[in-house]
Structure formats: C-alpha cells, structure tokens
Amino acid sequence: MRVAVCQLNSRHDREANLAAAESLIDRAAEAGADLVLLPEYVDYLGPGAGMPAPESVDGRVGSFFAAAARRRGVWLIAGSFHEAGPDPDRTWNTTLVFDRSGTLAAAYRKIHLYDVEIPGRVSYRESATVAPGDQPVVVDVEGLRVGLTICYDLRFPELYRQLATVGGAQLLVVPAAFMMHTGRDHWEVLLRARAIENQCFVAAAGQTGDHEPGRTCYGRSMLVDPWGTVLSQVPDGPGLAVTDIDLGCLERIRVELPSLANRRL
Ligand SMILES: O=C(O)CCC(=O)C(=O)O
C-alpha cells in the first residue's frame with residue numbers, strides 16, 4: 001500500500017484551500033498513491049468570524065472530496081472539517097474517509113479538544129466552538145486496518161492503544177494543525193512514541209506556516225514505521241511525501257519484539 005501524506009497551508013479562502021488540496025491529491029495519485037492523507041481543518045484555517053457555515057458530511061466539503069477520491073481512484077482521508085452537529089453553538093471536528101469510488105467509508109470526530117493556555121505563547125479553547133466526539137474509529141482500507149485520530153489526540157496514548165488492540169489498527173493516521181510552539185519539541189517525539197509502543201505505522205499530515213489570526217503551524221508531516229524510524233518527511237511549506245508501507249516489517253517487529261502481545265494490563 002502506497003501512502004501519501006500531504007502538507008498544506010490552509011487559510012481563510014475555502015475554495016483556494018480545496019483547490020490546493022486537490023492539486024496535492026492529483027500529485028499523490030500520479031505518484032501511484034493508494035491512500036492519501038490531508039491535514040486537520042483542510043478546508044478552512046482562518047478567523048472564526050469568516051468561517052463558512054458548518055455542513056453535514058455531504059455538504060460542499062464532503063462532496064468535493066468524494067468527487068476527488070472517485071476521479072483519482074484513491075482512498076482519501078480528508079483531514080478534517082467543521083461538521084454540523086446537534087449543538088447549534090458547536091461543530092464537530094470531523095475526518096471523512098472515502099474509498100476509491102468516492103463512497104464514504106468512515107467518519108471520525110476528534111475526541112480530545114485543544115484547551116490550552118501557555119502565557120504569551122498559546123491561548124486556545126477549542127471546546128468553546130467544537131463538541132468532542134466519543135467513538136474511536138478503525139476503518140478497513142483494502143485489508144489494512146487504519147485507526148483515525150486528529151492532532152491533539154496524539155497526546156492521549158490510551159486512544160492509540162485502543163485503536164491498535166481492540167481495533168487491530170496497523171496504520172494510525174494523524175491529520176493535524178500542530179502549533180509551532182509545541183510542535184518543535186513534541187511532534188516527532190510523540191509520533192514516534194505512538195508508533196513504537198503500538199507497533200504500528202503512523203502517518204501524520206500537518207498544516208504548515210502562518211494562518212490567520214496569528215497561528216503558526218509546525219508542519220513536518222511524516223510517515224513513521226513500527227520501529228519508530230521516520231521513513232519520509234515533508235520539508236517546510238506545502239508538499240507531500242509518498243511512501244510504501246510494508247506490512248511484513250510490522251509483522252516481523254511484532255514477532256521479534258512482542259511488546260503488544262506481552263501486555264499485562
Ligand atoms: O497538542 C498540541 O500541542 C497541538 C494541538 C493542536 O494544535 C490542535 O489539536 O489543534
């Protein structure tokens with residue numbers, strides 16, 4: 001299975017963001033990718049006041065990515081977008097997964113919301129505008145078990161453990177808009193830790209650069225193998241990395257160093 005992680009600089013113009021995502025999907029498909037991963041808030045990362053009205057899964061954003069998956073014949077994990085839910089004041093932060101025919105195969109709603117106050121650095125209260133999901137999701141991608149998470153979820157190893165054990169995940173994906181301030185010290189360490197401790201591949205697609213208002217994202221999208229080795233990484237700025245996943249490597253590591261099987265709690 002060939003996986004493309006795409007890195008974007010989404011801003012306030014939704015149509016421009018969708019066009020940028022589509023051009024990376026095209027490049028990924030031309031490079032032979034089977035599965036394409038986009039970052040968190042792929043359709044809009046701008047001021048709250050200018051945010052397009054939240055939509056259902058078959059609104060403009062969902063339909064756009066369904067059509068892109070179908071047109072290119074790829075599996076598409078469409079980062080995340082603001083989904084309209086039952087709470088009129090809060091959206092869900094939702095990842096949609098489309099199969100090669102553009103059919104919706106899964107939806108995952110971010111469970112852990114980024115409520116953080118680091119004086120002078122980061123002030124963010126995601127739960128003011130986003131409602132948490134409560135369901136871990138694993139989707140079958142042509143025999144590959146893919147566990148879905150979003151950005152801040154990365155700090156909660158119990159979610160990843162559940163995806164790997166109960167859900168049988170082999171690939172864990174992390175669409176993200178990870179902040180520069182925390183990203184430079186934590187992003188790669190956390191991604192590699194989740195890969196090593198769960199003996200899974202981890203694919204992480206981040207936003208990069210400056211976004212309005214005053215938000216800077218770390219980028220460094222990457223694919224990590226179950227040994228914790230970074231197989232590929234996207235340089236600064238929008239772009240993509242395409243990597244083949246060898247499940248034989250995962251099976252070998254799980255046999256030779258059976259820490260998943262040796263769990264006692
Ligand atoms: O965990 C972090 O440091 C960043 C998380 C984040 O930016 C988010 O969840 O949107």
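The values are calculated or read from the model by the stated rules, or taken from the named source; none is laboratory data. From a predicted model like this one, the values you see are computed outputs, not experimental measurements. We place every Cβ from the backbone using ideal geometry, glycine too, and count neighbours over all the protein chains shown. SASA here: full protein model, heavy atoms, side chains in, ligands and nucleic acids out. Shrake-Rupley method; radii C 1.70, N 1.55, O 1.52, S 1.80 Å.
Numbers below:
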item: Chain lengthening between Ala84 and Val166 when straightened (0.36 nm per residue, less Cα-Cα); result: 26.6 nm
item: Accessible area in square angstrom per residue, region 41-187, 1.4 angstrom probe; result: 40 Å²
item: Relative contact order (percent, whole number), region 168-265, Cα cutoff 8 Å, 6+ residue spacing; result: 25 percent
item: Whole-percent carbon and sulfur share, accessible surface of the chain, 1.4 Å; result: 52 percent
item: Relative contact order, percent, the chain [alpha-carbon distance under 8 Å, six or more residues apart]; result: 20 percent
item: Over region 50-177, relative contact order from alpha-carbon pairs under 8 Å, at least 6 apart, %; result: 18 percent
item: Efficiency of FRET between Phe156 and Ala16 - r from beta-carbon atoms, R0 22 angstrom, step 0.05; result: 0.10
item: Low-density loop cleavage sites - GluC sites (Glu not before Pro) in region 132-198, where at most 13 other Cβ are within 10 Å (DSSP); result: Glu142
